[in-house]
Amino acid sequence: MVFLECLTGQPAVSGSNLASIFHKQLSPSNIPLPSAVAGHPIATFLRRVLNKKVSERANKAEDLYQELNKINLATLVGDITDKIVPSSQVILAQPTEIYNTVNHTIDNTIVAKSQLFYTALTEVKQLTVLCITLTIKSVIESTLDAEILDTLHRDQKAQCVDIAIRFGAYHVGTLGDTLLFYFGYPKVSDNDCRLCARTALEISSNLSKSNALLKKSQGVEILPAMGMHTGAVTIYADTTPEGETPNIAMALSRMALPMQIICSESSKNQLERYIEFEKITAKLPVHHQRARTLFSLKGERAVEAFGFLRANHANQSFIARRDELEKLIALLPSESLIPTTALPELKIAHIYGEAGIGKSRLTFELRRKSKNCNHFITQCLPEHKHNALYPVFNLLKYQYSLSRLTPEEAVSHFRTEINKFSQLDEKQSIPIICSWLGLPLPSGIEQIIATPETQKHILFDTLKFLISRRESFSSKQCNLFVFEDIHWADPTTLEFIAFWLLNSHESRASSVFISTSREPLPEDLSEIGFMVIELSKLDYKNTAEFIISRFDHQQVSAQVLDVVATRTDGIPLFIEEMVNMLKQKNLIHHLNGVIDFSGPDKINQVPSSLRESLQQKLDSLVYAKETAQLAATIGREFDYKLLVLASIRSEEQIQTDLNELVEAGMIYLQRKIGDDSYIFKHALVRDAAYESIPAEKIKEFHKYVADTLVSYFDSFIKNNPSIVADHYYKANDFIHGSLYGIKDVSNLSLRSLEQEAEKRSDQINSRIDLIKNSTLSDKSVKLELQLQLNSAVLPVSTKIQGWGSDKIKQLAEHNIKLVKSIKSYGVSKISQQNLDQFKYKAEWTLLIYHHYQGNRKKARKLGETLLSQVKEKRNRIQELIVRTTLGQAYFFDGDFDLAKETLAWVIDNYDHEKDINLNIEYGFDPYHFSIGNLMAIAALTGHISRAVELRDNCLEHAVRTNNISTITTGYTWGTIYYFIMYDRDGMEKWCKDAIKKHGDRFQHNWILEYFYMNYDWTQNKFERAAKTVRDRIDSGQIGILHWYDPLLARTYINHKMYNEAVDILENSLMRSKKSGDVCILSIIYRYLAIAYYYQAGYLSEKCEDCFQQAISEAKQRNSVWQELLAIYDFIKYSGSKHHDNELDLRLSEIICSIRESNGDSLVDDGLNYVKELWFKLK
């Protein structure tokens, strides 16, 4: 005890009076050690010497002397005393005349001047209590030696005590396998609860790593079960606190499973910003009313691991960036601001400067100054720069603790959150979010079919609301979002940030957004209104101040200041590294109160650049350099389990290496239950470690990492195939790299990131070319990869360029040749059945291509050949797809009977449950597509009752899918019906009904443009429709444009823009003839005749010719309704002067025929305008 008092300068036992001191001396509780020495070897020595249990106390002075001689006390630096809180702060204030305090700073012993008239001094305090139960479990069948087990148990309990005391705990005591610690006693701090959680996680982390070694060496593992509770206790003078709070913590530890930390709600509420939790169903007994809701503590959030208790941040002064910090602080919302109806200004800033300049330090200081804000930090990493929206989804996982939820729980959680926002529809948002996160779709929710732009808009809108949510936070709190290192952000992330900031009107007043980068503000964000802050190098004055602060504000010689300042060039990270290096290598010493070089020759050993400094730091590592290099191969962030599995070193050696790297300040530990992870201190540290790998080992390391990911991390590679592909490429394994690269293309396509998928496919193509052709097997593998890549790219190119693009044709034809070549080699790893499926897809793609190109003969020949093949195979799905496309080809060719027969088979054989998702794979719903075409045929041929029935069925089917793109298509098919009927009033009512019911859900896509083209005709507007026509012609997407040109022409005529009407119809007629869409020629001829009439002002010869062509085309196709309209318009515009009795008679016949086949009421409603003219002529 005298040694301990000499070491600390304080009494080993203190109290408020002599009786208190005697009580503590005689109590069974051991003498508490200062937290500063808990992690030092002297702590173990003192704990053995001071143990009050005689059986456990050291009893040989000679052994103790030899052991003490081996301990290096020089490594104990800094202030190791635990500050004593004056009695006036510890106990309730008492009359001053009662006491005579002797030397408060050293001895708190109090001598009473008069008799005391109280029995005890009491105080109510809040404590956080941690209870740990350690259980030894055998993993082998043989019986273990009891003495060994006892030794292991005692050793692990001692380690738990060391860890807890190091984080400021008061060790209440140990009983059997149970340890009890108080945080906030006898001293209170702002971080007691956080320190308790850090202690629990540190113990869990240490035991997890120890168990890996104990299983191999001793055949046992030590499993901790921990309980944690925060609550009030009543402290009586000079006694250890007891009561319900520690009782609850002990009850929780007894409930906990091995390797589990159960927390009460009171602890969880204080830690939610820093720690991830999972709610559990277990309940405490009824008598513990204050801790009914329980949570399982799962791990630190990244921001906690990277920021909390870092000495170089938290305990050092902030230098030189005060002006920049004040600008950032000014962005934080003020509580005194009066709410206003005006849209608040965006509170956004972009901090940029070269690597190591202090961007992260500045944002760290901002976070310290913004304690009333919720902090959401995410980081862009170089290893994820091809992983779209990686930092955004990382932020989402952080906010919602997704890593600790089962897939089903995560989906349920998202559904609950999404349904809180009236602007979101879960049946749109959930499928897209699930697709991106690799989560299963819940029952009742189907995949949605929409254009890439529509899906992106839904995704961005959903992410915007989920990230900006504020329900779970106090209304007085703001949200501080920090996106670090956006120079590594993918294009989609930058696009989302721009969308989010411009559209988050609801949260502007309460949110601040900060981005950091090595580069100026990206162009994507340049128009938003960022406050841009450039961090420049420190000037000499600030550099000198920074250097002195890193030497603990001791006096530094001018020579040291000049050398460090000159060689670090004002870069803070370089200054930190150089000062640390000078200390570690003993290049400086403290002599006569001044820090100076220990010799003239030491100056030459000072590195001249940051990279050289970091390299020297790596070279100074005793054992851990190779482990640091392997970790750098994985990335700036790396998982403990992945590192161990990928390394050829033993797990024991890996643990030693990681400890050395942590102590060297090169990496930081992020503690998690069961599986820790690490992050390099700075990207430059990771880069230095990676670049130090010998050339012959780089490929080897990447191969180790890639193979390990494939063997042990299925869920990771499912969502991140690009990372596996890149590791294989860097290992020169182009076969496996291309295989996972192809999976990445498919993933990007499913996420509607077609541009990124196309770029990625180009990279993979170049890598496939690098595969050797030395053997027949190599040649076959190369062709197989090319076949799979082409097949993955096909849907991507379709969405970007359309079915009629030449690239689609090239890919399909290439695949047919590849299948043929692969079969000829006879060594394929792809089954015959799958090769046939590849061929079928390619041939079907060619069918679609020629159909939309208007190559009718080729399309029909291909379609009929394919139909014959799939019928022979009795493949119902393939037959549905082929018949749907072939049926429309027959329809466009004017072969109505064959089209009806082909499409009717689709309607009859479509399974509404099994086939509902075919539109995901093929881009359309066969039932919906077929019924729409049949509706158009029925309307053209005068079967109006049937057309109305099909029109309504088409919409009903679309609405049942609850897919907004399909619903939009259903309404657009309806406008086709009214276009054929030339029913303006009906179309206006139809379109307004669509807008009223679904307008708030309509998202921009190509089919919606056609819907609005027809709707604008009813409103006599042409600007939007004219733009659509121009855009479609410019992009080459003109396959169905001639179905929508005529109504735009009629609007032009209404505005007396006759030349424009003629131009668009002549162009439409030319395209229809070229493509072979003869079914619509009658309509185009009729509208063109009307345009010619208004352009000339009379019935010109070419006007009359067009009317005659319209009547002839309609009659030839049996389009009786179009024949009726053509005759009607011809009679109307020719007048009595050119009236033809034969036409009058034919008109009468058609009306009677339609009336007979459809019924009087429908015809009377639909033919009013025809009857009116007919009766006039009669």
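Each reported figure results from applying straightforward, stated rules to the coordinates on display, with no laboratory input. Predicted, not measured: the structure shown is a model, and the values here were computed from it. Note that each Cβ is placed from the backbone with ideal geometry, even for glycine, and that neighbours are counted across all protein chains shown.
Placing dummy labels 7 Å off each Cα toward the beta-carbon, the span from Leu1145 to Arg984 is 3.4 nm. Computed over the Cα atoms of the range 870-1003, the ratio of the radius of gyration to the Kirkwood radius (Rg/Rh) comes to 0.98.
Extension gain for Asp562-Leu257 works out to 104.0 nm (0.36 nm per residue, less the C-alpha to C-alpha distance). Compared with the alpha-carbon gap, the fully stretched path from Asn503 to Leu175 is longer by 112.2 nm at 0.36 nm per residue. Residue order for Lys283, Lys807, fewest other beta carbons within 10 angstrom first, comes to Lys283, Lys807. For the residue pairs Lys359/Lys397; Lys807/Lys861; Lys759/Lys1073; Lys585/Lys625; Lys799/Lys1074; Lys820/Lys914, alpha carbon separations beyond 26 Å are given by Lys759/Lys1073; Lys820/Lys914.
With a Förster radius of 35 Å, plug the Cβ-Cβ distance of Glu272 and Ser711 into 1/(1 + (r/R0)^6) and report the FRET value to the nearest 0.05. Efficiency, from the Cβ-Cβ distance: 0.45. In plain terms, the chain from Asp836 to Asn586 could stretch by 82.8 nm, reckoned as 0.36 nm per residue minus the Cα-Cα distance. Remark: C-alpha extents of the range 552-687 on the principal axes read 50, 26, 25 Å, sorted largest to smallest.
Sorted from greatest to least, the principal axis extents spanned by the alpha carbons of the range 633-685 come out as 27, 21, 20 Å. Each residue in Ile275, Ile261 was given a count of other beta-carbon atoms within 10 angstrom of its own, and listing them fewest first yields Ile275, Ile261.
Each label was represented as a point 7 Å from its Cα along the Cα-to-Cβ direction; for Arg469 and Asp806 these points are 5.0 nm apart. Calculated on the Cα set of the chain, radius of gyration then Dmax: 39.2, 135 Å.
Under 5 Å between amide hydrogens, built in the peptide plane, is the criterion, and for Asn374 it picks out Cys478, Asn479, Leu480 among residues at least 5 positions away or on other chains. Listed by chain and number, the aspartates and glutamates placed with their C-alpha closer than 14 angstrom to that of Lys730 are Glu383, Glu691, Glu696, Glu700, Asp707; residues fewer than eight positions away on the same chain are left out. The sum of -39500 (n - 2.57) across all DSSP H runs of n ≥ 4, divided by the residue count of the chain, sets its helix-only mean residue ellipticity at 222 nm to -18000 deg cm²/dmol. If you wrap the range 122-300 in the convex hull of its Cα atoms and look at it from every side, the mean projected area works out to 10.7 nm². Spin-label point model (7 Å from Cα, Cβ direction): what's the Asp524 to Ser189 distance in nm? Between Asp524 and Ser189, the simple spin-label model gives 4.1 nm. Across the range 752-873 the C-alpha pair distances fall into 5 Å bins from zero in the proportions 2, 11, 19, 20, 19, 14, 9, 4, 1 percent. Against the chain, whose longest principal axis comes from its Cα atoms, helix 1101-1117 is set at around 80 degrees. As an equivalent ellipsoid, the range 594-674 spans semi-axes of 31, 13, 12 angstrom, where each value is the square root of five times an eigenvalue of the C-alpha gyration tensor, largest first.
Amide H to amide H, with H built 1.01 Å from N, Val172 comes under 5 Å of Leu180, Phe181, Tyr182, counting only residues 5 or more places away or on other chains. Helix 540-550 and the longest principal axis of the C-alpha atoms of the chain enclose an angle of approximately 60°.
Relative to the longest principal axis of the Cα atoms of the chain, the long axis of helix 41-50 makes an angle of roughly 50 degrees.
Normalised by the number of residues in the chain, the average gap of Cα pairs under 8 Å and 6 or more apart makes the relative contact order 6 percent. Annotation: the residues Lys861, Lys602, sorted from fewest to most other C-beta atoms within 10 Å of their own C-beta, follow the order Lys861, Lys602.
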